[in-house]
1. If we scan segment 206-224, do we find a residue that is within 17 Å of residue 178 (Cα to Cα), assigned to a loop (DSSP other than H, G, I, E, B) and without any contact (Cβ under 8 Å) to a residue 60 or more places away in the chain?
2. Before we move on, is residue 201 more than 12 Å from ligand 1 (Cβ to nearest atom), part of a loop (DSSP other than H, G, I, E, B) and either within 15 Å of the chain's Cα centre (by Cα) or not assigned by TED's automatic domain parsing to the domain that holds residue 20 (or both)?
3. Going through segment 32-47 one residue at a time, which ones are touching a residue at least 60 places away in the same chain (Cβ under 8 Å), assigned to a loop (DSSP other than H, G, I, E, B) and either more than 16 Å from ligand 2 (Cβ to nearest atom) or outside the structural domain of residue 81 (by TED's automatic domain parsing) (or both)?
4. Restricting the search to segment 68-87, which residues are touching a residue at least 40 places away in the same chain (Cβ under 8 Å), within 18 Å of residue 57 (Cα to Cα) and more than 16 Å from ligand 2 (Cβ to nearest atom)?
5. I need the full set of residues from segment 1-24 which are part of a loop (DSSP other than H, G, I, E, B) and either closer than 25 Å to residue 219 by Cβ or in contact with a strand residue (DSSP E or B) (Cβ under 7 Å, 6 or more places away or on another chain) (or both), in order please.
6. Of the residues that make up segment 128-135, is at least one modelled with pLDDT of 95 or more and within 16 Å of ligand 2 (Cβ to nearest atom)?
7. I'd like the full set of residues that are under 24 Å from residue 143 (Cβ atoms) and in a helix (DSSP H, G or I), limited to segment 245-270.
Ligand code: 2HA
Ligand code: ZN
């Protein structure tokens, strides 16, 4: 018997389903591309006696500090487009066991052979970094936004400094919504420990959007919609950049002074 979900957890699942639709409609979620986790520890209360009814599923790569924390995560091979309709097949809620040697599957994961995302250790590393720093962000969202990825292949926009200048120069909102810019992680093998560690470093530098060179984007947000919006805003700037380039001309762009002025006027409060 799965746990009974509170209204707040239902809301989280609803938002994840909604964002899954957006990612699919945008063309950023081909096949089973991307994965997502939400730290819902504050929304899950279960007595030790009840917890025992959910046997521990062994897992490796879990750190002791994850123990007792609860997460909503996508399943391995899950399609973002299916989440809204089949949430309990595509998602699960797990609580890391007391000894961090595995997890209790509290809800969902109803599909045959279900396993949490293969990137679970990476997601937990990022979630732990957010939690330890007292961040309000609870969602870690990974997806494949076309135009942003394309810019990582072009020498004139590859690299943190060049990418952010190109994006900020396209439209004022890019600087307003992502004032610290996108953090840059050089190409690393998918699902590798190196990719996770480099991403955590970018989060520690207070980036809310992180570019994985020639692969995709990871964003954090207080909820799934917020994480999606940040990527959407930056991908819009990437579209504008490429639209200008398609005319055969180089875009004029906002000047560095204009971007600085926007930065000062709309400086983040956190
Ligand atoms: O989950 O996108 O980076 C599939 C991926 C891995
Ligand atoms: Zn990916």
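The values are calculated or read from the model by the stated rules, or taken from the named source; none is laboratory data. Quick caveat: nothing in here was measured; it's all calculated off a predicted structure. Here the Cβ positions follow ideal geometry from the backbone for every residue, glycine too, while neighbour counts run over all protein chains shown.
1. The answer is yes, given that some residue of segment 206-224 is within 17 Å of residue 178 (Cα to Cα), assigned to a loop (DSSP other than H, G, I, E, B) and without any contact (Cβ under 8 Å) to a residue 60 or more places away in the chain.
2. no
3. Residues satisfying the conditions are 40, 44, 46.
4. Scanning segment 68-87 gives 69, 71, 72.
5. Scanning segment 1-24 gives 2, 3, 5.
6. For segment 128-135, residues modelled with pLDDT of 95 or more and within 16 Å of ligand 2 (Cβ to nearest atom): absent.
7. Hits for segment 245-270 are 245, 246.
Per-residue answers, yes or no, for (1) farther than 29 Å from residue 256 by Cα; (2) in contact with a helix residue (DSSP H, G or I) (Cβ under 8 Å, 6 or more places away or on another chain):
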site	(1), (2)
116	yes, no
122	yes, yes
144	no, no
150	no, yes
156	no, yes
162	no, no
